[in-house]
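Below is one structure; the comments refer to it alone.
The values are calculated or read from the model by the stated rules, or taken from the named source; none is laboratory data. Only a predicted model underlies this, so the values are computations on that prediction, with no experimental measurement involved. Note that each Cβ is placed from the backbone with ideal geometry, even for glycine, and that neighbours are counted across all protein chains shown. Quick note on the areas: whole protein, heavy atoms, side chains included, nothing else; ligands and nucleic acids left out. Shrake-Rupley method; radii C 1.70, N 1.55, O 1.52, S 1.80 Å.
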Amino acid sequence: MKDNIFALMQNIDLQKLNETVAFIQTKTDLKPYAGIILGSGLGGLVDDLTVSCSLPYEEIPNFPVSTVKGHGGKLLFGMLNGKPVVMLSGRFHYYEGYTMQEVTFPVRVMKMLGAEVLMLSNAAGGMNKNFKVGDLMIINDHINLFPEHPLRGRNDETMGPRFPDMTEPYDLDFVKRAKALAVKHDILVHEGVYIGLQGPTFETKAEYRFLHVIGGDTVGMSTVPENIVARHMGMKVFGMSVVTDLGIREEMNEITHEEVLEAANAAAPKMALLFKELLGEI
Ligand code: HPA
């Protein structure tokens, strides 16, 4: 049809979303309060979840499928510290070749299932001079340097506004509460700005310098697209970075993915504790 030839790309495929949500609701009647997406090496929180339903991505209509071998991703439903949650075990990254719509599809599904809150974590490079490998940072803002925007395309006003406000991308009450919980449990946390870019290369020295100068404290290849879509749909977001390597001039070393995973694994229990405790409070 002529109309279709000239139709603009939509940023949301509502029909697909409805189909996916309807399928999931035939498998579980748990209505999640929060959606949780964990970063590389930070999956340990899954062990604390009392799982009531586990759906492999391949079985969910319209769901993207993980590319990482041996990481058959799953959508998990269950209780975490007394709250019903949905957890994405295996995140979708833009650098893997997914479109922004695919990267953020699970966030829309989570919201349509009832989630009011989204909790995100990531492994990230640290640029702030006070940061050390293994430190945690509560994200209080971000800078979006991805080359494509998840909301580009014709907007569906029933989902969210054409021009979403981004003055509080990370809920400041959550930030305050998480900081207080960290003090209570004697966990060192920083607070700062995450810069999201596409990867998959780690940054050059000049890029790290640039990212620090423009206001970044950590840098990574995720989180920002999911945050944007969650905010578009009116979800409140909490996010945390685990510093897995440093992009500070004097301390910068070569990095490998294995080192990133190792550092993330070591810090994961502290992060998991803060996520659980915060979830219990909000
Ligand atoms: N840069 C980008 N992504 C990352 C880094 C980094 O230094 N560390 C872990 N993920």
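Quick check, is residue 170 more than 15 Å from residue 39 (Cα to Cα), in contact (Cβ under 8 Å) with a residue 24 or more places away in the chain and within 11 Å of the ligand (Cβ to nearest atom)? Write out each step before concluding.
Numbers: more than 15 Å from residue 39 (Cα to Cα): yes; in contact (Cβ under 8 Å) with a residue 24 or more places away in the chain: yes; within 11 Å of the ligand (Cβ to nearest atom): no.
The answer is no for residue 170.
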Checklist entry - Can you name the strands (runs of 3 or more DSSP E) wholly within segment 1-89 that have at least 2 residues being surrounded by fewer than 22 Cβ atoms within 10 Å (Cβ to Cβ), at pLDDT 85 or above and hydrophobic (A, V, I, L, M, F, W, C)? => result 50-56, 74-80
Next on the checklist: Looking at segment 253-282, I want the residues that are farther than 30 Å from residue 82 by Cα and have a partner that is of a type in the set (A, V, I, L, M) with Cβ atoms under 6 Å, at least 6 apart or on another chain. Which pairs are those?
Outcome noted: 260/123
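Taking segment 192-221 as the search range and keeping residues that are open to solvent by less than 10 Å² (accessible area, probe 1.4 Å) and touching a residue at least 60 places away in the same chain (Cβ under 8 Å), which one is farthest from residue 265 (Cα to Cα)?
Here is the first cut: in segment 192-221, the ones open to solvent by less than 10 Å² (accessible area, probe 1.4 Å) are 192, 194-196, 208, 211, 216, 218-220.
Those still in the list that are touching a residue at least 60 places away in the same chain (Cβ under 8 Å) too: 192, 194, 208, 211, 216, 218-220.
Details: 192: 21, 194: 20, 208: 24, 211: 25, 216: 23, 218: 18, 219: 18, 220: 16 Å.
Across segment 192-221, the extreme among qualifying residues is 211.
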Checklist outcome for this item: Going through segment 115-145 in order, the residues found to be more than 13 Å from the ligand (Cβ to nearest atom), open to solvent by less than 20 Å² (accessible area, probe 1.4 Å) and not in a strand (DSSP E or B) are 115
Next on the checklist: Checking residue 175 against (1) within 18 Å of the chain's Cα centre (by Cα); (2) within 16 Å of the ligand (Cβ to nearest atom); (3) hydrophobic (A, V, I, L, M, F, W, C), only one condition comes out false. Which one?
Outcome noted: (2)
Checklist entry - Across segment 187-206, which residue is nearest to the ligand (Cβ to nearest atom) among those that are at pLDDT below 95 and not in a loop (DSSP other than H, G, I, E, B)? => result 205
